[in-house]
Every structure is written in C-alpha cells, then in structure tokens.
Number of protein chains: 2
Amino acid sequence: MPFDPSSLRYNDAGLVPVIAQDCETHEVLMLAWMNTEAVRRTLETGKVTYWSRSRQDYWVKGETSGHTQTLVDLRIDCDRDCLLAIVNQKGPACHTNRRVCFYTSIEDGEETEIVSVEADSD
Amino acid sequence: MPFDPSSLRYNDAGLVPVIAQDCETHEVLMLAWMNTEAVRRTLETGKVTYWSRSRQDYWVKGETSGHTQTLVDLRIDCDRDCLLAIVNQKGPACHTNRRVCFYTSIEDGEETEIVSVEADSD
C-alpha cells in the first residue's frame, strides 16, 4: 500500500509524536513532533525534520548544531498516531550535549543523572 | 533530588507521552500516556499504568490480556515532558498480538508489515 503522510492520525495541533532510536546502539534518543509536511520532507530528503512547537517552524535536526539525524527507517504504530524513526545519529541528540535526552533516572524516589555531557569533538 | 510526579510538564489534557522499551531486546514497544496519578502508581506498584485516552480511565498494562509490563527503570527527558519506561514485557506489547506496535515500515513509499502476529502461547 502506498504511504500517504496525510493518512496518519494527527492531534488537534496537526502533529504526531516521533520517537528517534539510534540504528546501532538502539538507544531511545529523543521524542519530537512532526506535521504532515515534516513527515513528507523527512522521507524525501532522508534528513529527519521535525516541527518545532516552540519556534512554530520546521526543524531539520542538526542543521544548526551539526548533530544530524539521517533516516534509516520510518515506522508507523498500530493506531497510526505515532512514528518510530530509526536514525543514524551524528554526535549527541540532546541540546544539553548528552547522547540522549533521557538522562535522568528515577531511582528509589530520587532523580539521578545517568548520562554525562559529552566533550566537544569538533 | 526527590522526584515529584507533579513536577513533569503535562499537556493541556494533563498527560505526558511515555515510550516503553524492552529491557532485554531494546525494542521500542509502544507509546502511551500517563497523568500524574498514573506516574505515581507505576512507580509505587512497578506495574506500568497508563491513562487510556479512549476509555478515560487508568490502564494497568496487561491486566486483561496478561501481557504485563513490569517497570525496570523510569527516565525523564531534558524538557520533562516525556518519559521513557524500560520494562520487562511479558508476551506481545501490541493489542494486535504483535511483539511491538511499530510493525509497519515505510519502504520506497510503500507500507510494509515487518512484524508478524504471534501465536498464542498461553
């Protein structure tokens, strides 16, 4: 069946959540959002392109930071209201310069940082 | 720092998206939603408990199907508006009886099913 980006179930803001997972380490890197056009651009260019809710604009991941995400596979969930992007992540995915955004673990009721800030490699 | 479930950034419906990842295979199993009380119950009981948007009620994963999720680790993202639940998944996570909800891949513009329905093991 041909894939039509408009066939996904977007929320009231016209967005679907997108989980980015590293193709090699299988780490869950981050969660961000796409609208129909961001889905289309991601598939067309191979550059993972989100919709920034804060800036209300398209956000080609890594365009400013250099920490790009190249699409390896895009998957749809059973309800067609969430996407899983398998990506080749260059450098840290998180804007805090950590490899992943999920760097805080809840252990025995306490928040514990489990991923360190990476040194600049450029 | 002690973790307070009410310190997360919930959306207008009082929910945060929660990504469930298998602790052994590292597969991304599904995405669902929690409110403050679901987060609290999940941490207290170790049984991953979502908020069902369709039923508008708490949803202890696997309570009906037997396909339970036992919490291994709960992680918060940098923006505090998304959670990653590392879980021990018993049986298929998807209501379609597939191991994961993300069983449809977009390949060359076509939707392709990449995960089969599991045979009943009970």
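The values are calculated or read from the model by the stated rules, or taken from the named source; none is laboratory data. Source: prediction; values computed, not measured. Positions of Cβ are generated from backbone atoms using ideal geometry, with glycine treated the same way; all protein chains shown enter the neighbour counts. For accessibility, only protein heavy atoms count, side chains too; no ligands or nucleic acids. Shrake-Rupley method; radii C 1.70, N 1.55, O 1.52, S 1.80 Å.
Below are the figures for this structure:
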| quantity | calculated |
| --- | --- |
| Highest-first arrangement of B:51-57, B:75-81, where packing means the average Cβ count within 10 Å | B:75-81, B:51-57 |
| Summed buried accessible area for B+A [probe radius 1.4 Å, Å², rounded to 100] | 3200 Å² |
| Label point 7 Å beyond Cα along the C-beta direction, distances from A:Thr112 to other copies (nm, shortest first) | 4.2 |
| Estimated Rh, the protein assembly as shown: Kirkwood, alpha-carbon pairs, angstrom | 18.4 Å |
| Two-site FRET efficiency, A:Thr70 against B:Asn88, from Cβ-Cβ distance with R₀ of 45 Å, rounded to 0.05 | 0.90 |
| Percent of C-alpha pairs per 5 Å bin, the stretch A:4-86, short to long | 3, 15, 29, 28, 16, 7, 1 |
| Inter-site label distance for A:Val117 and B:Glu118 at 7 Å from Cα along Cβ, in nm | 4.2 nm |
| Accessible area of chain B divided out per residue, in Å², using a probe of 1.4 angstrom | 50 Å² |
| Value of [θ]222 nm, deg cm²/dmol, for the protein assembly as shown, DSSP H segments ≥ 4, -39500 (n - 2.57) each, nearest 500 | -2500 deg cm²/dmol |
| Largest-first principal axis extents of the Cα set of the stretch B:45-122 (Å) | 40, 38, 26 |
| Between the stretch A:36-66 and the stretch B:3-38, the Cα center-to-center distance that results, in Å | 24 Å |
| For the axis carrying chain B to chain A: nearest C-beta residue of B, whole Å | B:His26, 2 |
